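So the structure is just underneath, and the comments pick up after that.
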Amino acid sequence: MPNENSYEVALQKSNAIREGLAKTPEKFTMLTGDRPTGRLHLGHYFGTLKGRVELQNMGAKTNVLIADYQVITDRDTTEHIQDNVYNMVMDYLACGIDPDKTMIYAHSAVPAANQLMLPFLSLVSEAELARNPTVKAEMEASGHELTGLLLTYPVHQACDILFCKGNVVPVGRDQLPHIELTRTIARRFNNRYGKVFPEVDALLSETPLLPGLDGRKMSKSYGNAINISMTAEETAKRIKKSQTDSERMITFDPENRPGVSGLLSTAAICTGRSEVEIAEEIGMGGSGRLKKYVTEAVNEYFAPIRERRQRYENDLDYVKDVLHEGNRRANEIAEQTLAEVRDAMGMVY
Ligand code: TRP
């Protein structure tokens, strides 16, 4: 018997969800979200935003969370948070998230969802929290000490998912330990107090992770990302500055030529062509031709998205309305779920 929490089983379940979604999308409630620490970039777009829009348009119930409390898991400031949150809403809307179909909300605005943290914390042991590999990796990467919130944020993430009875969470492989914990919490709660929560599974992305322009992991701190919100000129500048190598002939070789290959992957995902095909076409054209090609590919793909985004930038009132309406709906759902939780626990006075 393969372990229920192995990657293979997660992948099988993810594939089963994909089939289910095609047949009965209304049975699925998706929840996913992002930390508002800066602008969303092409990695977010191709890795998850595009997929969320597809689920939304298929007819699944879709919820998108701006995880503002998660910002302080591994940093000591909430500087720019309001600006980041509004801009995140703009990125969502520009990419095709439709607020009539998808609930967009910020978790600090939903007290009843946060209150689930108390019973949920009682369902996990310190040892279970301490061995979460993603938390460990994040702590190391940030250089921050292990705060109580960093240690317990996977439980908070279970609150995010379970307050709206989410059963599908589109995530990358690094988030699987959190999904596992969410499933454990739901089961333990149901066993102890009666069934309130559903079984949760991950929907794993089918597209391989898009590397940054230099071939490393795409990250704001490496300066190797193109943001959705950049202008065509800013995009051109960023691509122009990216590091390639001295070999003129363009080939796709991620291991030995990370810069050239990162550029090729970016062009490939925007044009739907393969990296090798693009490399062969450019051939002896060198990195100058390659960069020109990538710039055009990105700017062409994102032109309509950026045009829409511009309209939201000029209408902050509308952006705020979208968020307030999402927060209002989220509060309604959270209060309902919290009432069920308190009822199951007999805390009704
Ligand atoms: N941890 C996710 C990230 O770092 C954001 C997030 C918060 C999330 N709550 C969630 C994702 C619930 C999926 C489900 O981007």
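Observations
- Sparse-neighbour loop sites [GluC sites (Glu not before Pro); the range 100-164; at most 14 other C-beta within 10 Å; DSSP]: E145
- Whole-number percent relative contact order across the range 64-204, with pairs defined as alpha carbons under 8 Å at least 6 apart: 25 percent
- Placing a label point 7 Å from the Cα of D253 along the Cα-to-Cβ direction, the residues of the range 214-245 whose backbone N falls under 18 Å of that point are 214-216, 243-245.
- Loop-located GluC sites (Glu not before Pro) in the range 180-214 (DSSP state other than H, G, I, E, B) with a sparse environment of at most 14 neighbouring Cβ atoms within 10 Å: E199, E206.
- Descending principal axes extents, the chain, alpha-carbon based, whole Å: 75, 52, 46
- Span-like helix criteria (full DSSP H runs; alpha carbon extent of at least 20 Å along the helix axis; mean Kyte-Doolittle hydropathy of at least -1.0) are satisfied in the chain by 7-23, 81-95, 148-163, 176-193, 316-344.
- Cubic angstrom per residue, convex hull over Cα atoms of the range 177-266: 145 Å³
- Here the gap between R75 and T24, fully extended at 0.36 nm per residue and compared with their Cα-Cα distance, gives a gain of 14.2 nm.
- Those GluC sites (Glu not before Pro) in the range 19-103 that DSSP places in a loop and that have at most 13 other beta carbons within 10 Å: E79
- Estimated [θ] at 222 nm from DSSP helical runs (n ≥ 4, -39500 (n - 2.57)) normalised by residues in the chain, nearest 500: -17500 deg cm²/dmol
- Full extension of the chain between A130 and E54 yields a length gain of 23.8 nm, computed as 0.36 nm times the residue separation minus the alpha carbon distance.
- Chain lengthening between R311 and K292 when straightened (0.36 nm per residue, less Cα-Cα): 4.1 nm
- Label separation (R342 vs D100): 3.5 nm, computed from points 7 Å beyond Cα along the C-beta direction.
- Note: the range 220-313, Cα convex hull, 90 Å³ per residue.
- Rolling a 1.4 Å probe across the protein heavy atoms gives the chain an accessible surface of 49 Å² per residue.
The values are calculated or read from the model by the stated rules, or taken from the named source; none is laboratory data. Keep in mind the model is a prediction, meaning the values are calculated, not measured. Positions of Cβ are generated from backbone atoms using ideal geometry, with glycine treated the same way; all protein chains shown enter the neighbour counts. SASA here: full protein model, heavy atoms, side chains in, ligands and nucleic acids out. Shrake-Rupley method; radii C 1.70, N 1.55, O 1.52, S 1.80 Å.
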